[in-house]
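In what follows, a single structure is set out as structure tokens and then discussed.
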Amino acid sequence: VQVRLLRIAERILEDEGLEAVQARRLAKEADCSVGTVYNVFGGLDGLIVAANTQTLRAFGRAAAVALKRAADNDVESRLLALALAYFDFAVTHDRRWRAVFAHQLPETYEVPEEMKSDQARLFALIEESIATAVTDAAERALYARALFASVHGIVALALDRKIGNDDIRQTERQIRVVVGLFARGLTRT
């Protein structure tokens, strides 16, 4: 039942978005009781976190492939491969990607270690890409999060059409500018 509920939630997130993920609907489609959703995942929030964790893992696989293709290249090329993979994933899996950021957990809810570990692995991809330019681990972590936030902001604003740009090529160009400036700045630090 756990796997079936998770797969149904992932499908609904992909096809319809976070708002469509409802305990009664999930239970009906999984042919179980609403109580089962709560017993297996601790509630709807737990199920959404589990589905969002799967989204992070899917992106992680896409990012690893992109990084592998650029592994022998310079820092800028590796970072650009990751940033463009992120943009492509967000465009291709728009609703599912949005759910990762739109889902608000109650303050009393503890984010599972599994999700924290998956997030850390994603940041590690950026950190590994800049390791030759930034030798201090704490600085690498800071830089990785700053670059992610910059690229994420460009992607989110573009997909929400908040900056008046409907042209995906223009968004890609903005990503290239930020990543390029960031990478060139690393060589000066």
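The values are calculated or read from the model by the stated rules, or taken from the named source; none is laboratory data. Fair warning: this is a prediction, and the values are worked out from it, not measured in the lab. Glycine also receives a Cβ, built like all others from the backbone with ideal geometry; neighbour counts cover every protein chain displayed. With ligands, DNA and RNA removed, areas are computed over all heavy atoms of the protein, side chains included. Shrake-Rupley method; radii C 1.70, N 1.55, O 1.52, S 1.80 Å.
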How many percent of the accessible area of the stretch 1-114 is carbon or sulfur, using a 1.4 Å probe? 49 percent
Using a ≥ b ≥ c from the Cα gyration tensor of the stretch 77-136 (square roots of the eigenvalues), is it rounded, prolate or oblate, where a/c under 1.5 gives rounded and otherwise the larger of a/b and b/c decides, a/b for prolate? oblate
Could you give me the ³J(HN,Hα) list for the stretch 93-105, computed from phi with Karplus coefficients 6.51, -1.76, 1.60 and θ = phi - 60°, whole Hz, x at Gly and Pro? 10, 3, 5, 5, 4, 4, 4, 4, 9, 7, 5, 9, 7
Just to check I understand the Karplus step: with θ = phi - 60° and J = 6.51 cos²θ - 1.76 cosθ + 1.60, what whole-Hz values come out for the stretch 126-133, glycine and proline as x? 5, 4, 5, 5, 10, 4, 6, 8
Accessible area (Å², per residue) of the stretch 1-81, counting only protein heavy atoms and a probe of 1.4 Å: 51 Å²
Where a ≥ b ≥ c are root eigenvalues of the Cα gyration tensor, a/c under 1.5 meaning rounded, otherwise prolate if a/b exceeds b/c and oblate otherwise, the stretch 1-115 counts as prolate
Which of rounded, prolate, oblate describes the stretch 45-189, given a ≥ b ≥ c as roots of the alpha-carbon gyration tensor eigenvalues and a/c under 1.5 marking rounded, otherwise prolate only if a/b is larger than b/c? oblate
Among 78-85, 90-97, the order from most to least packed when residues are scored by Cβ within 10 Å on average: 78-85, 90-97
Under the 0.36 nm per residue contour assumption, what length would be gained going from the current alpha-carbon distance of K116 and R7 to full extension? 37.2 nm
